[in-house]
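Here the structure comes first, spelled out in C-alpha cells, and everything after it is commentary.
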Amino acid sequence: MSEQDVELEARLAEQDEFEPPGSFVEQANVTDPSIYDESADDWPACWEDAATLLDWSTEYEQVLDDSNPPFYEWFTGGELNASANCLDRHLDERGDETAIEWVGELGDTRTYTYRDLHREVNEFAATLRDQGVEADDVVTLYMPMVPELPIAMLACARLGAPHSVVFAGFSANALATRMESADSPVLVTCDGYYRRGEALEHKLKADEGVAAVEHDVTGVVIDRLGDEYEHSMREADHDYDTLIADHEGEKVEPVTRDAEDMLFLMYTSGTTGEPKGVKHTTGGYLSWVAWTSHAVLDVKPEDTYWCSADIGWITGHSYIVYGPLALGTTTVMYEGTPDYPEKDRLWEIVEEYDVTQLYTAPTAIRSFMKWGEEYPARHDLSSLRLLGTVGEPINPRAWKWYYRNIGGESCPVVDTWWQTETGGLMVTTLPGVNSMKPGSAGPPLPGIGSRIVDTDGEEVAAGRAGHLTIQKPWPGMLRTLYQNDERFIEEYWAEYSDTDSGDPDDWVYFPGDGAKIDDDGYLTILGRVDDVVNISGHRLGTMEIESAIVSVEGVAEAAVVGGDHEVKGETVYAYVITEDGYAGDDEMQDAIIAGVEDGIGPIARPEEVVFTPELPKTRSGKIMRRLLEDVANREEVGSTNTLRNPEIVDEIQRQVGGAD
Ligand code: WTA
C-alpha cells in the first residue's frame, strides 16, 4: 500500500458518517427530505405515489382497507396484470431497448430486448395455457439462473397463475414439500447448469422430488446443457423448446387480476420445521418493488442495473425481475459464481456492460475483501452510480471497503433491511437525501412506522437493544401464509398485538429481528432473535436442519445453532446425540451431512458436528441454544444456573476446543 493509501484508510476508519455524493444527489430520483413529513401527515394516501408507477386497467377505489386487521388490503377495487406492467406497456417507447442482459458462467451471453422478452413470455404463456394452467393454479419453478426463469415467472403472471420458485440449490425433498403444500400441478425445471465450469445435474433431483409428490405433475424441461448432455424425461415431461416452437408468435391477452389477487408464493424458513408459504399480491407487491427500486435503488429506464442475488430467493424476485422490469430498465442476470474463472468476474461484468447500480450481499463483500483489492482495481468501475447491500448486517469495515474499492468514494451505499415477508425494502437511507452511517441500515422508509421495544412491548431508549417492530401496514406486505391464516397471526402478530382487537392501531408486526436505534432515528439491525440462522445471506430454520438430522439412522436428538463465520456471517453447528449402539464417528458425521444435503440442500451443511451424550437443558426440558452458540463461537459460556445438567457444557466445550 502506498503512503497515500495508508492515510486514506486511516481517514476512512475514523469516519462514521458519510454525506451522499453531490454528483449522485444532482441526478437522484428522490432528493427532497420533506417526503418523510409528508408521508407521515398523509398516510396512507402517500402510497398513491407507489401505485402511480403502475398501469392499472381499473383504477382502485381505496388505498387501504384496514377494516379486518391484520388482513389488510391495498388498492382495493383496482385491476392490473404484472406481466403487462413489466412488458407490454414498455413496448412502444422501449421495445428495442434491452430488458435482460444475461451472462452465462462460461462466457456465453444472451440479450433480450423488451420486444424479445414480450414475445417469449407470450409463447410460454400460450404453452402453459395449453398444458391446462389456469388463473390461480400454482406453478412451481425449480430452476437456476437461466433466462427462462424470469420468462416463466412473467408467463405465469400473464395467466394469473401464481408461481412458486424453489431455489435450485434446494434438495429434491425440499421441492416435494413445497409442491405438496401448494398443491402445485405443474413444474418447470431444467436439465442442469454450470458451476465453476462444471455441468451440474439438476433433472434427476427434480424427478426425485416429483416422485415424492402425491398428485400428478406435468413437467416442462429447459435444455441448458445442450445435446451432448442427456437427461431423463418422464412421461408427463415436455421439452421447453419444442413447446415454444409450437406456439411461435402466439399472443396471450394478459389476464386481468384484482390488486389483491396472489402474484406468487415464496416459501421461507420460520421457527418450526415446515417452511412457510408467504403470499404476495399483484397490486401491493408490484407497486412496492417499483417504488423502492425508484426511490432507493434510483433505477431509471436508461440504467444497466445489476442485482447479483439468485432469483430463487426474494431479493431476485423483487430486484432482478419485478422492480427493474416494472420500471423499464435493463436488468443484468449472471448465472455463475463471482470467482469463476477468476476472482474479478463481477468487475469484468461491471466494466463490460457499464453497470450503473450494483446490489449484492455482505457475505460477497467479505469474500471480495479477502481476495484483495487488486481484483476490482484491474477494471474501470466508473460507470457505477450506486451500491447496495442486503441479507445480513454489514460491519463498518466491509461497508467502507465496498464504498472505497468498488464505489471509488463517489457512490452512495444503501444498506437495505427487509425480508421475504415485507416484499421489498423497509429500512434504509434514501441515497439522495440522507447521510450514511456504516453499520446502520438507516431510518425506516417514509411511511413506515417502526419502534424498538422490549419483551413487554415498551419502547426502549436510544442505544438500547430491543425487538424491531413495524407499527403500520405497507403495500408490499405479505397478506397471509398460504392456507394458514392462523400461523400468519401466530408468527408475525401475536407477540405484540392485541389479537382480539379490530382496531389496526392494536396490531403490530414483528419480523423476528433485534435492533437498536440512535438519536437520529437510524436503526442498526442485530440479527434474528428467533431460531432462524443466516448462512451467507440465506435464511434457514434451525428446526428444519434438526429435523433433517434426526431422520438419519442412529441419531437420537440434535440441536442446531448458528456460529459466527468470517465470510458466511453465520454457519451451522450441530450438536448430536446418537442412539445406543451407534458411535459418533466419521461415518456418522458423513451420514449427518448427507442427511442435511438431502433434506434441505448443501447450503445448510453443518460446519461442525459435535457428538455429545446430552444437550444442555433447563429444568423444564428446553434446550439452551444460547449456551451452544457460545460454545460454537469459542466464547465464554453464559450462566448455566438454570440448567439441570450444567456439567455437560464443560464436556461439550472440551470437545470443541474450548474458549480462545
Ligand atoms: C436479515 C432477504 C441486517 C434479517 C431480503 C431478516 C438483514 C432476514 C438485512 C430476512 C440488513 C436482511 N441488515 N439484517 N440489511 N437484510 N437481513 O427473508 O435477519 O431471506 O429478517 O430476506 O435477513 O431474510 P430473507
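Summary value for the chain: 13 percent relative contact order, contacts being C-alpha pairs under 8 angstrom separated by 6+ residues.
For the ranges 107-114, 187-194, 300-307, 492-499, what's the packing order if you count other beta-carbon atoms within 10 Å of each residue, average per peptide, and put the highest first? Provide the component values of the computation, followed by the final result.
Values: 107-114: 15.4, 187-194: 24.5, 300-307: 20.1, 492-499: 18.4.
Going from most to least packed, we get 187-194, 300-307, 492-499, 107-114.
For the range 363-445, the alpha carbon positions stretch 38, 24, 20 Å along the principal axes, listed from largest to smallest. If both residues of a DSSP beta bridge must be in the range 60-189, then about 55% of such bridges are antiparallel. Candidates ALA182, PRO362, THR612 compared by Cα position along the dipole of the chain: farthest toward the positive end lies THR612, with charges placed on Cβ. Each Lys and Arg adds +1 at its Cβ and each Asp and Glu adds -1 at its Cβ; summed about the Cα centre, the chain shows a dipole of about 800 debye. When both the range 383-407 and the range 284-355 are represented by their alpha-carbon centers, they are found 15 Å apart. In the chain, with Lys and Arg counted as +1 and Asp and Glu as -1 at Cβ, which of these residues, THR58, HIS215, PRO147, has the Cα nearest the positive end of the dipole, that is, farthest along it? Of the listed residues, the answer is PRO147. Principal semi-axes of the equivalent ellipsoid, √(5λ) from the alpha carbon gyration tensor of the range 440-578, are 31, 21, 13 Å from largest down.
The largest-to-smallest principal axis extents of the Cα set in the chain are 72, 63, 60 Å.
When the C-alpha to C-alpha distance is required to be over 31 Å, the pairs from LYS276/LYS568; LYS203/LYS568; LYS205/LYS370; LYS251/LYS279; LYS276/LYS622 that qualify are LYS205/LYS370.
Each helix, a run of at least 4 DSSP H residues, gives -39500 (n - 2.57); summed and divided by the residues of the chain, these come to -8000 deg cm²/dmol at 222 nm. Can you classify the range 511-660 as rounded, prolate or oblate using the Cα gyration tensor, where a ≥ b ≥ c are the square roots of its eigenvalues, rounded means a/c under 1.5, and otherwise it's prolate if a/b beats b/c and oblate if not? Because a/c hits 1.5 or more and a/b fails to exceed b/c, the range 511-660 counts as oblate.
Looking at the chain, what % of its DSSP beta bridges pair antiparallel, to the nearest 5? Of those bridges, close to 60 percent are antiparallel. The range 100-147 and the range 205-283 have their alpha-carbon centroids 10 Å apart. Counting only DSSP beta bridges whose two residues both lie in the range 372-478, roughly 65 percent are antiparallel.
Taking θ as phi - 60°, what are the ³J(HN,Hα) couplings along the range 543-559 by the Karplus curve (6.51, -1.76, 1.60), each to the nearest whole Hz, with x for Gly and Pro? The phi angles translate into 5, 4, 5, 4, 6, 5, 6, 6, 7, 7, 4, x, 9, 8, 7, 8, 10 Hz. Simple rule: put +1 on each Lys or Arg Cβ and -1 on each Asp or Glu Cβ in the chain, find the dipole, and look at PRO275, ALA99, VAL533; the Cα lying farthest toward the positive end is VAL533. Once backbone amide H atoms are built at 1.01 Å from N, LEU141 has SER164, VAL165, VAL166, VAL188 as its partners under 5 Å, excluding neighbours fewer than 5 places away on the same chain.
Compare the peptides 225-235, 524-534, 583-593, 422-432 by average per-residue count of other Cβ atoms within 10 angstrom and give them in order, highest first.
Numbers: 225-235: 11.6, 524-534: 19.6, 583-593: 15.2, 422-432: 26.3.
Output ranking for 225-235, 524-534, 583-593, 422-432: 422-432, 524-534, 583-593, 225-235.
Phi-derived couplings, Karplus 6.51 cos²θ - 1.76 cosθ + 1.60 at θ = phi - 60°, listed residue by residue for the range 54-71: 10, 9, 10, 7, 10, 4, 6, 9, 9, 5, 9, 10, 10, 6, 9, x, x, 8 Hz, with x used for Gly and Pro. Shape analysis of the range 294-337 places it in the prolate category; the axes a ≥ b ≥ c from the Cα gyration tensor give an a/c of at least 1.5, with a/b above b/c.
Shape class of the range 9-132 from the alpha-carbon gyration tensor: oblate, with a/c at 1.5 or above and b/c at least as large as a/b. For the range 254-359, the relative contact order is 24 percent, taking Cα pairs closer than 8 Å that sit 6 or more residues apart in sequence and dividing their mean separation by the residue count. Peptide packing for 120-130, 335-345 was compared via the average number of neighbouring C-beta atoms within 10 Å per residue; ordered from the highest value, the list is 120-130, 335-345. For ASP303, the amide hydrogen comes within under 5 Å of the amide hydrogens of THR330, counting only partners 5 or more places away or on other chains and with H modelled in the peptide plane. The phi-based Karplus calculation (6.51 cos²θ - 1.76 cosθ + 1.60; θ = phi - 60°) puts the 3J(HN,Hα) values of the range 78-94 at x, 9, 6, 10, 5, 5, 5, 6, 8, 10, 3, 6, 8, 4, 4, 8, 10 Hz, whole numbers, x for Gly and Pro.
Excluding ILE517 itself, calculate the net charge of residues whose Cβ lies under 10 Å from the Cβ of ILE517, where each Lys or Arg counts +1 and each Asp or Glu counts -1. With Lys, Arg at +1 and Asp, Glu at -1, the neighbours total -1. Amide H contacts of ARG195 (H built 1.01 Å from N, in plane; Pro and chain starts excluded): LEU200 sit under 5 Å, all sequence-distant by 5 or more or on other chains.
Just so you know, all these numbers are worked out from the coordinates, no wet-lab data involved. It should be emphasised that the depicted structure is a prediction, and the values quoted were computed from it without experimental measurement. For neighbour counting, all protein chains shown are included, and Cβ atoms are generated from backbone atoms with ideal geometry for every residue, glycine included.
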